[in-house]
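A short write-up of the structure that comes next.
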Amino acid sequence: MALYESTPGATYKGIAADLGVSRGSLREWVLRMIRRKPEEWRHMANPVEP
């Protein structure tokens, strides 16, 4: 998540490619983090792209 937030213009697709994982896997990891501690992610306008 820090990589996404610290990279201007970043997309899950681009970060997933850089990490060598699928976009869907990355999205699921992020959703789990958001569900676990939603108060930490409220500052994000759109935490999960469709």
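Values computed for the structure shown
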{"item": "Inter-label distance, nm, simple model (7 Å from Cα along the C-beta direction), E28/K13", "result": "2.1 nm"}
{"item": "Approximate spin-label separation K37-E5, in nm, with each point projected 7 Å along Cα-to-Cβ", "result": "0.9 nm"}
{"item": "Net +/- balance of residues flanking V21 in space, Cβ distance below 15 Å, scoring K and R +1, D and E -1", "result": "+2"}
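Just so you know, all these numbers are worked out from the coordinates, no wet-lab data involved. Computed from a predicted structure; not experimentally measured. Methodologically, a virtual Cβ is constructed for each residue, glycine included, from the backbone with ideal geometry; neighbour enumeration extends over all protein chains shown.
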